[in-house]
Amino acid sequence: MSYHIKARKAKKLDTKFIFVSGGVISSVGKGITTSSIAMLLESRGYKVAPVKADMYLNVDAGTIRPQEHGEVFVTKDGVETDQDLGNYERFINADLSSSNYITNGQVYQKIIQKERNFEYDGEDVEIVPHVPEEIIRRLEKAAVERDADFVIAEIGGTVGEYQNVLYMEANRIMKYRDNRDVIHMHVGYLPTPPSVGEMKSKPVQTSVRILNGSGIQPDFLICRAEQPLDDRRKETLAWVTSVPAANIISAPNIDTIYRVPMNFEQQHLTDKILAKFGMKSKKNDLKQWHNLMGRITKINHAGKELNVAVVGKYFETGDYKLADVYISVVEAIKHASWSNNVKTNLHWVSSLDVEKKGARAVLEKFDGIVVPGGFGSRGTEGMISTIQFARENNIPYLGLCYGMQMATIEFARNVAGLKSANTTEVDDDTPHPVIHIMPDQEKKMLNREYGATMRLGGWDCVVTRGTKTEAAYLAAGLLKKSGTAKISERHRHRFEFNNAYREQLVKAGLVIAGTTPDGKLVEIVELKDHPYFVGSQFHPEFQSRPLSPHPLFVGFVKAAMKLKK
């Protein structure tokens, strides 16, 4: 098979393409590298489309266990994606879409569909060239949809894996056959074994050689390590990998991921990328980012601290706890804390521990409590006990999706007197199903239609005037003081507030702080006589950004600070 057989013609685009691969270990920092480069290029006046390419055969991330893959991030147009899309959005302060996310499942599904539709005109459909061609087509689509000057394609996994070799082939084809402007950045890890006490470059040397075996010579090396890379290591890597020492970038551990762009800028990475493409800066605007970094430094030395418990059910994987499961929640709390000039220490609390030890024993030392999203019955009684403790002890509480549903159940049981109230997701036979499945979702689940069938993406919500929720959005400048108080937030759920209990719960004191524009679906609940007790059916964390923190998180942190004083 040769590539000239009816090869797909490349689109005529002026877009430049940057591929980002990783070596040595997974989770080495490709996503933050991609996010940082995207932000830096945008600060120079260019439009960037970051794209995450995941290697699994799942069509999207929606059906993968959180402990297996981390957080499922949801875009405004309702696609369940890898958590790196969240980082991209937070760094470039923009909404992305389905075109910014590729999986092997999507690629193979499209190829088979085209073959069934006779779109290959009877020729053999082969892994090569047709899979790389479909990958290229999707990268071009991302460029067109965002009208991008640059597409940055982050390739999941590490070099040498069977799953991602065809993305390397797409890189090679674009550069050599299509004569595209393409560069490759390789992110590698340099360990410092405690028994040796010296940074070792051999693992990165090996991963570059494996990359060379795919026909790719990297233009830049991003060297992740505990400490900054010294000149000796740079010289060794340059000699062995043929990457110029000036293009070997040190990426040591730092206190926050948001300093990574500044670290790259100090090493003139943006200028070097533009020079590689024969381009110049249109502007250089990093003022807001510099101000944020200065604020974080000041906060870290000021001594004002909060302790917040995130009570969830997906932390444990063996003997380890994974914060990545709730990464958008973690980042949203940080953003809100910085805007309030306070450092927040986050504590991961398993709802199963609350069930075993009791809420007071586990939670009494915290200044605020967050219960994030989730599914299924495991640990729900621990969540309900957590919420009761927060309500009765006036501890600021923020419930997100499942956390809103659990708050409704707790209020129904312990305030409205509806003993054994529950969600039908946990108990089909509950006498008081205050949370039940959405009618259209019930049909889908009976037919085992699980993938991409939930209520997903951005939906409008009308906020009730005079509530804490309204005050939070007003303070952020996202609502006007008169007229309809409409917001738009992202969702990911199958179950909802049961309107059959609405009047009874409101009479008992539950405040309906937001609904869909037609008033049929309850989107936000809160309590009136409480420092801060808010639950949202949507996921506000998906729209929080370091330069524009989400108002519900800002209000939560502000209430926790006030209570601590």
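The values are calculated or read from the model by the stated rules, or taken from the named source; none is laboratory data. Nothing here was measured: the structure is a model prediction, and the numbers come from that model. Methodologically, a virtual Cβ is constructed for each residue, glycine included, from the backbone with ideal geometry; neighbour enumeration extends over all protein chains shown.
The residues listed here are VAL59, VAL28; of these, the one that is outside any strand (DSSP E or B), in contact with a Phe, Trp or Tyr (Cβ under 6 Å, 6 or more places away or on another chain) and either at pLDDT below 90 or closer than 20 Å to PHE542 by Cα (or both) is VAL28.
Would you mind stating whether LEU85 is without any contact (Cβ under 8 Å) to a residue 40 or more places away in the chain, touching a strand residue (DSSP E or B) at 6+ places or on another chain (Cβ under 8 Å), within 30 Å of LYS287 (Cα to Cα) and in the same structural domain as THR270 (by TED's automatic domain parsing)? Answer is yes for this residue. Scanning region 478-493 for residues that are under 16 Å from PRO540 (Cβ atoms) and surrounded by fewer than 20 Cβ atoms within 10 Å (Cβ to Cβ) yields LEU478, LYS486, SER488.
Restricting to region 476-500, name every residue that is in contact with a helix residue (DSSP H, G or I) (Cβ under 7 Å, 6 or more places away or on another chain) and assigned to a strand (DSSP E or B). Of everything in region 476-500, those that are in contact with a helix residue (DSSP H, G or I) (Cβ under 7 Å, 6 or more places away or on another chain) and assigned to a strand (DSSP E or B) turn out to be ILE487, GLU489, ARG490, PHE495, PHE497. Suppose the filter is of a type in the set (Phe, Trp, Tyr) and out of contact with any helix residue (DSSP H, G or I) (no Cβ under 6 Å at 6 or more places or on another chain); does PHE538 pass it? So PHE538 passes the test.
Would a scan of region 529-544 turn up a residue that is at pLDDT below 95, over 21 Å from ASP95 (Cβ atoms) and surrounded by fewer than 21 Cβ atoms within 10 Å (Cβ to Cβ)? So far as region 529-544 goes, yes, one or more of its residues are at pLDDT below 95, over 21 Å from ASP95 (Cβ atoms) and surrounded by fewer than 21 Cβ atoms within 10 Å (Cβ to Cβ). Apart from one condition, ASN253 fits all of (1) farther than 15 Å from VAL28 by Cβ; (2) surrounded by fewer than 20 Cβ atoms within 10 Å (Cβ to Cβ); (3) in contact (Cβ under 8 Å) with a residue 24 or more places away in the chain; the exception is (1).
Considering only residues of region 280-301 that are without any contact (Cβ under 8 Å) to a residue 60 or more places away in the chain and surrounded by 15 or more Cβ atoms within 10 Å (Cβ to Cβ), which is farthest from SER548 (Cα to Cα)? Across region 280-301, the extreme among qualifying residues is ILE299. One residue alone among LYS6, LYS11, LYS76 is touching a helix residue (DSSP H, G or I) at 6+ places or on another chain (Cβ under 6 Å), part of a loop (DSSP other than H, G, I, E, B) and either at pLDDT 85 or above or not assigned by TED's automatic domain parsing to the domain that holds ILE173 (or both), and that residue is LYS11. Where helices (runs of 4 or more DSSP H) fall wholly inside region 245-308, the ranges with 1 or more residues that are touching a Lys or Arg at 6+ places or on another chain (Cβ under 7 Å) are 269-276, 287-302.
Any residue in region 100-110 that is among the charged types (D, E, K, R), over 13 Å from SER328 (Cα atoms), out of contact with any Pro (no Cβ under 6 Å at 6 or more places or on another chain) and assigned to a helix (DSSP H, G or I)? Yes, region 100-110 contains at least one residue that is among the charged types (D, E, K, R), over 13 Å from SER328 (Cα atoms), out of contact with any Pro (no Cβ under 6 Å at 6 or more places or on another chain) and assigned to a helix (DSSP H, G or I). Assess whether ILE512 counts as being closer than 12 Å to LEU552 by Cβ, in a strand (DSSP E or B) and of a type in the set (A, V, I, L, M, F, W, C). Taking the combined requirement at face value, the residue does not satisfy it. Taking PHE389 as the residue in question, decide whether it is in a loop (DSSP other than H, G, I, E, B) and more than 26 Å from ILE32 (Cβ to Cβ). So PHE389 fails the test.
Between ARG137, ARG146, ARG116, the distinction of being more than 30 Å from PRO549 (Cα to Cα), in contact (Cβ under 8 Å) with a residue 40 or more places away in the chain and of a type in the set (Lys, Arg) belongs to ARG137 only.
Within this structure, VAL434 passes the test of being touching a Leu at 6+ places or on another chain (Cβ under 9 Å), modelled with pLDDT of 95 or more and in the same structural domain as ALA559 (by TED's automatic domain parsing).
Summed over region 309-334, the residues that are modelled with pLDDT under 90, surrounded by 14 or more Cβ atoms within 10 Å (Cβ to Cβ), not hydroxyl-bearing (Ser, Thr, Tyr) and not in a helix (DSSP H, G or I) give a count of 6. The residues of region 267-318 that are of a type in the set (A, V, I, L, M, F, W, C), out of contact with any helix residue (DSSP H, G or I) (no Cβ under 9 Å at 6 or more places or on another chain) and over 28 Å from LYS558 (Cβ atoms), listed by number, are ALA275, PHE277. Among residues that are assigned to a strand (DSSP E or B), modelled with pLDDT of 95 or more and either out of contact with any helix residue (DSSP H, G or I) (no Cβ under 7 Å at 6 or more places or on another chain) or under 25 Å from SER98 (Cβ atoms) (or both), VAL506 is not included.
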